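The values are calculated or read from the model by the stated rules, or taken from the named source; none is laboratory data. Here the structure is a predicted model, which is why all the values come from computation and not from measurement. Positions of Cβ are generated from backbone atoms using ideal geometry, with glycine treated the same way; all protein chains shown enter the neighbour counts. These area figures cover heavy atoms from the full protein model, side chains too; ligands, DNA and RNA do not enter into them. Shrake-Rupley method; radii C 1.70, N 1.55, O 1.52, S 1.80 Å.
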Amino acid sequence: MEVMNFRSLIIFSAFLRVLLIVYGEWQDTHMEVRYTDVDYLVFSDAAALVVDGKSPYKRSTYRYSPLIAFILTPNSFIHRSWGKFLFSASDLLVGYFIRTILKLRGVPENLTIYSVLVWLFNPFTFTIGTRGNCEPIICAIILWIIICIMRGNLFQGAVWYGLVVHMRIYPIIYALPIVLTLDPNHFQRGKKPAIVDWNSRQHKLNETSNRLWVFFQSIFTRSRILFGLISATVFFFCTGIFFYLYEWEFLHEALLYHLTRTDPRHNFSIYFYHIYLNYEREFAVLEKLISFLPQLIVQIVLVFRFAQDFPFCFFVQTVAFVAFNKVITAQYFVWFFCLLPLILPWSKMKLKWEGILCVLVWIGAQTHWLFWGYMLEFKGKQVFLQLWAASLLFFAANIYVMITIIRRHTYSPVFKRLVTSRTKKIT
Amino acid sequence: MEYQGFRVLLHLRLGIMLTLLAGITYCKHAPASFSELFRRHKYITEAYFQKHETLIDRAFQDFISSELSHVFCGKQNFMPKLSVMQRQLIGEGSHRRLTSSVKIEIQPEVISSLSCEAIVIERLPSGVFADPFELEHLTGRGVFSGASAFGDTDLELPTVRANRSVVEVHVDLSPNSLSGNKNSWELKIEIPLHARYAPLGKHGYTRVEFESPDLFVHCVDEGDTLNQSCIFSSTDEGVRTSPHAIVWEVPSGIVKHTKIVSVLTFIAAVVGALSVFMACIFYSEVSVYNGTKQS
């Protein structure tokens, strides 16, 4: 079956997003319930404060990098929807980057289009940018970093990586797989890395354990050290500049809050009721460490198993990171939705019926949680126990989907060894 | 003796004159003290929180009686009658609306020369809060002429970590909105409120009780070149409030769940982590692709 070409896809997606932004403006003006996300109002207020020469942190609940407020300053003098257009444009850029990455890996056009469709027509993703959520920008940057690494532009990749960790802390989890990928067998001075073609995807166990051994032998290679130094410099430079401008308020709201956040209010996380029930006493350091241990173990095992297939590694790490986190809000799902299209061409899972089952299990568990959440928040029923049980069920659904995807994935390292005589270079 | 008597009389007259002078000066300055308040602050509660860090009912009442003693407006001596007819908490769940039906009776002849607004101050109990941005949005839509929240307006803190807050709402009283025989205003004031996460309990619900609001009428004499303002408070005579208390039952966590929830949460996390661990360890090692990918 011939699918529409990529250009038509992007044009249609752009049109859909413009329509939604316009509709959103109408709904905000004429209906009690707003289409626009509360976060967008926070960004806009913070941007207006910046235009007045004040700190964006004077706006309560603004917990982002000042960069977000800076790029939204045109909200005050062009139009209040400027930000939504910017985020939706990033959303389209993510679609374009997905195609670029899949093309670099030799995926056929049809499969590429299907994968891009999964992002562009996911109802969750096309509403998130049009409602004014800034996650599409983060997703676009992460995909661009993947492209930079694949093309051997390590300096640029490192700069963007430092910037994205400053904007949103969670991409720090990708540091280890990136370092593992910057293997001296893949990255050599003066040579572009050679990418494994989709048509010849396969792997061998020995290679994996060899890689680990090589990693520990030669951990400090030029590309690894440079990548680490450049990204760390960019991160600390941004942190330094904004600390100079906005002092402790910036440090607390944009960084420390996210590192220490324990929200007792109900959310998808299995920890929310445990946090609420223990909120009146401080958690001991040992308790905090123990609760972090499952997350740590999962991240380490995923990285050391799949690092060479780093788009897949990023995806499973992100799903695990979100599932095991102390707080889960719906916007976190975008973090792995943007990586899902990158792994689909390597999955042995068919849509009928394994794929559909995964989708139904995940959405079903989420809907079940939302039902109890509605009973608590909007009907005032004492259903904390049921809601917590629903969060356990949602956690189980996430684990099930993650394990299914792992089991049905064709592990395929991105790069070939450059030393072999049969190296195939991508032009 | 005569001279001494004359001196006593002189001192007495001087004393009386000084007292009268002081009295006249006081009367002249009394309206200025809260005219000043309204010149410096749009909201009464703002002035309270300039002097106090947290809301204490006793301190707030003292503040009202000392700073806002009423003064006559204009040339006539009038006293509006303020009453809260009905109070209700509408809605279910964590987001509700506190409505108050307010009646303000005033002599019709004084209305034309005065520009008045009703001020309702809700001293919210611990456990509920108002969103200042939501109030701002309502003001922008013309529901109120001014509305704001003061005190602890942190939207995210649970009750055990939060202090109380106050909502102050201003509504213009225009001659056009007079009801019935043109001698009273009847207002329905609806304030959106949200419940904080309640302290843990045994029974699963926490009771939050609302007190009566403080009601004021603030007028400015348009004919007065100095634009003096005057205020009438519901602590004066002639106020009637609704007899029954408004109660909000907020769901709260149950203490006896603590152990089982903590244990099962950690077991779930460990089982989840082990499952992922096993899936990775037993991941099919050799997977060679032959043929075309099927979607």
**Q.** Backbone HN-Hα couplings from phi across region A:30-44 [Karplus 6.51/-1.76/1.60, Hz, Gly and Pro as x]
**A.** 10, 10, 5, 7, 7, 7, 5, 5, 4, 4, 5, 5, 5, 4, 5
Q | Accessible surface of region A:299-387 [probe 1.4 Å, protein heavy atoms]: carbon and sulfur percent | A | 75
Q: Starting from the Cα of B:Val270, step 7 Å toward the Cβ, then list every residue of region A:291-328 with an amide N under 14 Å from that point.
A: A:291-295
Q. Using the reciprocal of the averaged 1/r over all distinct C-alpha pairs, how large is the Kirkwood radius of region A:128-196 in Å?
A. 13.0
Q. How big a patch of accessible area, both sides summed and in Å² to the nearest 100, lies buried between B and A at a 1.4 Å probe?
A. 5200
Q | region B:81-156: GluC sites (Glu not before Pro) in DSSP coil with no more than 16 other Cβ atoms inside 10 Å | A | B:Glu92, B:Glu156
Q) In cubic angstrom, how much convex hull volume per residue do the alpha carbon atoms of chain A span? A) 168
Q) Relative contact order for region A:64-127: what is it in percent, counting Cα pairs under 8 Å that are at least 6 residues apart? A) 25
Q. When Cβ neighbours within 10 Å are restricted to other protein chains, what is their mean count per residue of peptide B:258-266?
A. 6
Q: Could you sort the residues of region B:140-165 by number and keep only those whose accessible area is reduced by 10 Å² or more in the all-protein-chain setting relative to the chain alone, 1.4 Å probe?
A: B:Arg141, B:Leu155, B:Glu156, B:Pro158, B:Val160, B:Arg161
Q.
Using only DSSP helix segments of four residues or longer, with each worth -39500 (n - 2.57), what per-residue ellipticity at 222 nm results for chain A after dividing by its residue count and rounding to 500?
A. -20500 deg cm²/dmol
Q.
Give me a comma-separated list of calculated 3J(HN,Hα) values for region A:141-158, in order, Karplus coefficients 6.51, -1.76, 1.60 applied at θ = phi - 60°, integers in Hz, x for any Gly or Pro.
A. 5, 5, 5, 5, 4, 4, 4, 4, 5, 5, 8, x, 8, 5, 4, 4, x, 5
Q: Go from 0 up to the bin containing the longest alpha carbon distance in region A:221-342, width 10 Å each, and give me the % of pairs per bin.
A: 11, 28, 37, 22, 2
Q) Which value, in Å² and to the nearest 10, is the accessible area of B:Cys219 when all protein chains are kept and the probe is 1.4 Å? A) 0
Q. Can you tell me the accessible area per residue over chain A, all protein chains present, probe 1.4 angstrom, in square angstrom?
A. 44
Q) How much of the accessible area of region A:18-173, probe 1.4 Å, is carbon plus sulfur, in whole percent? A) 68
Q: Report A:Lys326's accessible area, 1.4 Å probe, all protein chains in place, as a number in Å² to the nearest 10.
A: 50
Q: Provide the FRET efficiency to the nearest 0.05 for the A:Gln156-B:Ile260 pair, computing r from the beta carbons and using R0 = 41 Å.
A: 0.20
(Q) Please compute the per residue accessible area over region B:74-217 with all protein chains in place, 1.4 Å probe, rounded to a whole number of Å². (A) 42
Q) For A:Glu135, what is the net charge nearby, where nearby means another residue's Cβ is under 15 Å from its Cβ and Lys, Arg count +1, Asp, Glu -1? A) +2
Q: List the longest stretch of chain A that has no exposed loop site; here a site is one of the GluC sites (Glu not before Pro) assigned by DSSP to anything other than H, G, I, E or B, with at most 14 other Cβ within 10 Å.
A: A:33-279
Q: Give the relative contact order (percent, whole number) for chain A; include only Cα pairs under 8 Å separated by 6+ residues.
A: 18
**Q.** Phi to ³J(HN,Hα) by Karplus 6.51 cos²θ - 1.76 cosθ + 1.60 over region B:205-218, Hz, x for Gly, Pro
**A.** 9, 10, 8, 10, 10, 9, 8, 5, x, 8, 10, 9, 10, 10
**Q.** Residues in region A:298-325 occluded by at least 40 Å² - accessible area, probe radius 1.4 Å, against chain by itself
**A.** A:Val301, A:Arg305
Q | B:Met85 long-range amide H proximity, modeled H, under 5 Å | A | B:Ser101, B:Val102, B:Lys103
Q: Can you tell me the FRET efficiency between B:Glu109 and B:Arg161 if r is taken as the Cβ-Cβ distance and R0 is 60 Å, rounded to the nearest 0.05?
A: 0.70
Q: Could you state how much accessible area B:Ser112 has, in square angstrom rounded to the nearest 10, with a 1.4 Å probe and all protein chains kept in place?
A: 90
Q: For region A:1-107, count all C-alpha to C-alpha pairs, find those more than 21 Å apart, and express that count as a whole percent of the total.
A: 49
